[in-house]
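Trainee: To start, I am sharing the structure in question, which I have written as structure tokens.
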Amino acid sequence: MPPKVFLSHSCLDKTRFTTCFAEQLQAKGVDVWYDDWALRPGDSLVDRVFEHELDDADVFIVVLSANSIDSKWVKEELNNAFIRKIEGQCKIIPVVLDGVEVPAVLRDTLYQEIANCDSYDNELQRILEGIFNLQTKPLLGQPPAYVHAVTGQNVNGSTPAEVFVLRQMVELRLADPEVLMSTSHFKQIQKDGELTEHQINKELSRLHKNDYLEQQRGLPITNSCRLTPHGFIEALRKFDIDVKSAKQQIVVFMTNAMQDEKTQLQSVQIADGTGQPIALVRAFLQIWEREELIKMTRTFGHDGYNVWQLDALFEEEST
């Protein structure tokens, strides 16, 4: 059934507002009680208004204007409607014209002000939403891709954006151990994660500050950088990769394979012999070289790193 609305107003506002307003409500599926349509000569106002129509209304709309604000009849209708509101029997929607002050009894009720009686389409829509109890809140959409991608993961205090950016960089490093991240890479990460430029710049700065990234040739991070060996390994730990076991495997394999001092190992051989990603093998090799636990030469190409000597303390890395 259509909602029933009782329209309380001053007769002085009929021409400029209330008649047209009532017609528009009626045209939108609202069953409006409007005195010009409902009352006939000889009808009892008290009987028709207070004992029948007002008691049947689902919504009471009171038009507050310079003409109606002091109207005793409007006040009487409002008082009756307010009692019904307290009893949970109807809703009151104040419609304010002329910028008049809302009566104290209605100050806790959200009202709709109409500044121009000749043009109020948006205001009418809001009133209809109140009558029909419509929700104008947009439907809940999907979170940004970078949030969705890390949902359910243990981010260990990192932001979802940081985890997404770091994971993308790790995947690129696993695919190409010597990858040098450039502007085109970061634009793709930004697009895939639905990140803003500010977000990706902030997360790259954070990763650089925490020694996950190293700049290349003094260029800005977003132009040229790569994961540090430490950053790559720590990132794998963040993503629950058993880096400790992988390290032990690599150390044991290298120690056993290089018992003959003439034996040399290439990074590809170590990766094949342990089943570990070559990117992880090379990260450990870089760290051990800096710690002077191994000696190696580096060449461009598939083989890359060539280990030719182990320090006497190297095997302790497996513990």
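The values are calculated or read from the model by the stated rules, or taken from the named source; none is laboratory data. Because the structure is predicted, anything quoted here is derived from the model rather than measured. Ideal geometry is used to build each Cβ from the backbone, glycine not excepted, and the neighbour counts take in all protein chains shown. To get the accessible areas, we keep the full protein, side chains included, count just its heavy atoms, and leave off ligands, DNA and RNA. Shrake-Rupley method; radii C 1.70, N 1.55, O 1.52, S 1.80 Å.
Trainee: Calculate what fraction, in whole %, of the accessible area of the chain sits on carbon and sulfur atoms when a 1.4 Å probe is rolled over the protein chains.
Mentor: Carbon and sulfur together cover 49 percent of it.
Trainee: Follow-up question, since we're still on this one. Given +1 on the Cβ of Lys and Arg, -1 on the Cβ of Asp and Glu, and no further charges, what dipole in debye does the chain carry about its Cα centre, rounded to the nearest 20?
Mentor: Taking the Cα centre of the chain as origin, the dipole is about 860 debye.
Trainee: Which chymotrypsin sites (Phe, Trp or Tyr not before Pro) in the range 127-210 pass both tests, a DSSP loop state and at most 14 other beta-carbon atoms within 10 Å?
Mentor: Listed in order of number, the matching sites amount to none.
Trainee: For the chain, build the charge dipole from Cβ charges (+1 Lys, Arg; -1 Asp, Glu) around the Cα centre, then report which of A115, P177, I86 sits farthest towards its positive end.
Mentor: Result: P177.
Trainee: Continuing with the same structure: For the range 144-250, calculate the relative contact order in percent as a whole number, restricting contacts to Cα pairs under 8 Å that are 6 or more residues apart.
Mentor: Here the relative contact order equals 28 percent.
Trainee: So if R0 is 22 Å, what FRET efficiency would N223 and V147 give, r being the distance between their Cβ atoms, rounded to the nearest 0.05?
Mentor: Approximately 0.25, to the nearest 0.05.
Trainee: With loop defined by DSSP as not H, G, I, E or B, and exposure as at most 16 other Cβ atoms within 10 Å, which is the longest segment of the chain clear of exposed trypsin sites (Lys or Arg not before Pro)?
Mentor: Here the longest segment lacking exposed loop sites spans 108-216.
Trainee: Let me ask something else. Distance cut-off 19 Å, Cα to Cα: go down the list K28/K137; K14/K85; K247/K295 and report the pairs above it.
Mentor: Among K28/K137; K14/K85; K247/K295, the Cα-Cα distance tops 19 Å for K28/K137; K14/K85.
Trainee: Just name one of N223, Q190, I200: the one whose Cα is farthest towards the positive end of the charge dipole of the chain (beta-carbon charges, Lys/Arg +1, Asp/Glu -1).
Mentor: Going by the charge dipole, the pick is N223.
Trainee: Using the basic label-point model (7 angstrom from Cα toward the beta carbon), what is the A66 to S205 distance in nanometres?
Mentor: According to this spin-label approximation, the distance is 5.6 nm.
Trainee: Run the quick spin-label model on L134 and S245: label points 7 Å from Cα toward the beta carbon, then report their separation in nm to one decimal.
Mentor: Going by the 7 Å Cα→Cβ label model, 5.9 nm.
Trainee: Just to confirm, what accessible area per residue do you get for the range 160-319 at 1.4 Å probe, in whole Å²?
Mentor: Result: 53 Å² per residue.
Trainee: Can you check what the net charge comes to around Y120, using other residues whose Cβ is under 10 Å from the Cβ of Y120 (Lys, Arg +1; Asp, Glu -1)?
Mentor: -3
Trainee: Quick check: residue separation of A115 and R237 times 0.36 nm, minus the Cα distance between them. What number comes out in nm?
Mentor: Between A115 and R237, full extension yields an extra 37.7 nm.
Trainee: Measuring from label point to label point, each 7 Å out along Cα→Cβ, what is the A257 to Q188 span in nm?
Mentor: Each label point lies 7 Å from its Cα, and together they span 3.0 nm.
Trainee: Here is a further query. Given 0.36 nm per residue, what is the gain on full extension from E23 to L174 after removing their alpha carbon distance, in nm?
Mentor: Between E23 and L174, full extension yields an extra 47.4 nm.
Trainee: Before anything else, pin down the relative contact order of the range 105-207: Cα pairs under 8 Å, at least 6 apart, normalised by residue count, whole percent.
Mentor: 24
Trainee: Just want to confirm a number: the relative contact order over the range 186-319, from Cα pairs under 8 angstrom separated by 6+ residues, in percent.
Mentor: It comes to 19 percent, rounded to a whole number.
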